[in-house]
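Trainee: Can you keep this structure in mind? I'll have questions shortly.
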Amino acid sequence: MPKKILVVEDEPGIRLSLSDELESAGYRVFTAENGEKALAAAGCEKPDLIILDLMLPVLDGTEVCKKLRMRGDRTPIIMLTVKDKEIDKVLGLELGADDYMTKPFSLRELVARVKAVFRRTEERSSDPDVISFGGIDLDFKKFEASKKGQKLDLTPLEFHMLKLFVKRRGEVLTRDDFLDGIWGEDNVAVSFRTVDSHIANIRKKIEDDPSRPRHILSIRGVGYKFVE
Amino acid sequence: AFGAFLIARTIAHEMEVLKIKSDFVASVSHEFKTPLTSIKALMERLVDGKVRDTDKMDQYFSIIAQDTDKLTRLVNNLLDFSKIEAGKKEYVLFDTDIVRIATEQVERFKKEQASSSPDMRLEITGEIPTLRADADALSRALANLLSNAVKFTPPGKAIRVGLSSDGENVVLEVEDEGIGIHPDELGRVFEKFFQGRNALSQTVTGTGLGLTLVKHIVEAHGGRILVESRPGLGSKFSMIFPLKSWPEGS
């Protein structure tokens, strides 16, 4: 059964070429030219992945992404952006998207990114769903987290990073491990600094004393290690 | 203390100018990147030989042509703005068939839009006399108004282009059923770099130069531009051109 992709883009040329390219690659493609139609199509067609332009008429990509996440829709989203400075925002600090492409992009590159996202999604489906440690409960399927009974507000990206930690608990993970495991081997623009920034945010949320972490340890000159 | 105040005010002003310039460059860059991405993606598939069906190929070439037109309009707007700022913009006047200009622009926009985009129609009332004008500038002004109308009007709503004459003036107006303009912004829409907001108060893409150019073109032809708007219901921009002759070289 071919995977279904929803392409949300108001520029006719991008929408047409992208949907043709994805169909040539064996996917079943639906399109929407604005945010309102995107929300309707996501609910109706239940795509396996959404490619979502950030700047859309009437209801923009930011709002579409937020509304999808608010209604519990965890479909992977690749955002199409123009501005480099939006990358951190797009990738989960606020929006909960899974990956991004900046315009202008090559179709080949985008298809490679689509395949990487599907690969990561399949790997995640065979991983443990729930884990508890040090008063913290994480449910990776429901994207719910709590610390000593109090709800924790983790972004989808932070969940993915914690899942990678849990999967390889006790091992030292380098920043490259995160870049490859979370953003994909084809990623060229997310930096080590971005990885460090996300880990700092996770520590603030799960550690009793972020300056003296007990679960996410820094291994000098190498990376990070998760201990329960 | 007064000296320190003046210095602080100068610095604040300089920083504001730098921010405006920076935001403008970012907006222009964005306006270029989207049609360029479209052209790049379509060409990639054509060059790779992935488009075999002739109807599909026609569709690809048609969109590439439209995107090239969009980029040309953007460059022309920037060049016009630059000349206006330098006080060097001139208009060349000929007897101009404004009916032809309006018809061409409406047809072009209708062709560019998707089938579910706002419905656009041209309404000509009575006989329209020839206008002594710069045809290219009038086309540009109308294109800018139509571009804005499409940007701010959701699919399913209508855009009306009206052309009429009362014997003394020719009136060319663009009326939409879009989101309208906030009352506190109505007086600012013709300011350079000013950008409107959509229904969620998010800034819409654009360089903020389109309406500035429209106003300059209309006024350089001895005319005036009026705007009426009701938030949530739509806007109407009316370009009023006098028919009486006026000095050449204005």
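The values are calculated or read from the model by the stated rules, or taken from the named source; none is laboratory data. Note that the structure is a prediction, hence the values are computed from the model and not measured. FYI the Cβ positions are ideal-geometry reconstructions off the backbone, even for glycines, and counts take in every protein chain you see.
Trainee: Take B:A26 and decide whether it is facing chain A (nearest Cβ under 9 Å), part of a helix (DSSP H, G or I) and out of contact with any Leu (no Cβ under 9 Å at 6 or more places or on another chain).
Mentor: Criteria met by B:A26.
Trainee: Next question. In segment A:32-84, which residue that is of a type in the set (V, I, T) and part of a helix (DSSP H, G or I) is farthest from the other protein chains (Cβ to nearest Cβ)?
Mentor: A:V64
Trainee: May I pose another question? For segment A:112-178, give me every one of the strands (runs of 3 or more DSSP E) that falls completely inside it and has 1 or more residues that are among the hydroxyl-bearing types (S, T, Y) and in contact (Cβ under 8 Å) with a residue 12 or more places away in the chain.
Mentor: Once the strands (runs of 3 or more DSSP E) in segment A:112-178 are filtered for at least 1 residues that are among the hydroxyl-bearing types (S, T, Y) and in contact (Cβ under 8 Å) with a residue 12 or more places away in the chain, what remains is A:172-174.
Trainee: If a residue has to be among the hydroxyl-bearing types (S, T, Y) and within 14 Å of A:G61 (Cβ to Cβ) to count, how many in segment A:1-51 make the cut?
Mentor: Going through segment A:1-51 one residue at a time, the tally reaches 0.
Trainee: Filtering segment B:134-161 down to residues that are more than 14 Å from chain A (Cβ to nearest Cβ) and within 21 Å of B:P231 (Cα to Cα), which residue is surrounded by the fewest Cβ atoms within 10 Å (Cβ to Cβ)?
Mentor: Checked segment B:134-161; the qualifying residue surrounded by the fewest Cβ atoms within 10 Å (Cβ to Cβ) is B:A158.
Trainee: For B:I63, state whether it is touching a residue at least 60 places away in the same chain (Cβ under 8 Å) and either surrounded by 11 or more Cβ atoms within 10 Å (Cβ to Cβ) or not β-branched (V, I, T) (or both).
Mentor: no
Trainee: Shifting gears a bit: Against the definition (part of a helix (DSSP H, G or I), more than 27 Å from B:L145 (Cα to Cα) and without any contact (Cβ under 8 Å) to a residue 60 or more places away in the chain), how does B:F32 come out, yes or no? Break it down into steps so the answer makes sense when it comes.
Mentor: Numbers: part of a helix (DSSP H, G or I): yes; more than 27 Å from B:L145 (Cα to Cα): no; without any contact (Cβ under 8 Å) to a residue 60 or more places away in the chain: yes.
Criteria not met by B:F32.
Trainee: Okay, moving on. Can you report the number of residues in segment B:40-52 which are in contact (Cβ under 8 Å) with a residue 12 or more places away in the chain, among the hydrophobic types (A, V, I, L, M, F, W, C) and facing chain A (nearest Cβ under 7 Å)?
Mentor: Here the count works out to 1.
Trainee: Quick check on segment B:70-82. Is at least one of its residues out of contact with any His (no Cβ under 7 Å at 6 or more places or on another chain), closer than 27 Å to A:E21 by Cα, surrounded by 12 or more Cβ atoms within 10 Å (Cβ to Cβ) and in contact (Cβ under 8 Å) with a residue 24 or more places away in the chain?
Mentor: Yes; the residues of segment B:70-82 include at least one that is out of contact with any His (no Cβ under 7 Å at 6 or more places or on another chain), closer than 27 Å to A:E21 by Cα, surrounded by 12 or more Cβ atoms within 10 Å (Cβ to Cβ) and in contact (Cβ under 8 Å) with a residue 24 or more places away in the chain.
Trainee: Let me ask something else about it. Taking segment A:140-176 as the region of interest, how many residues are at pLDDT 85 or above, on the phi > 0 side of the Ramachandran plot and in contact with a Lys or Arg (Cβ under 8 Å, 6 or more places away or on another chain)?
Mentor: Here the count works out to 1.
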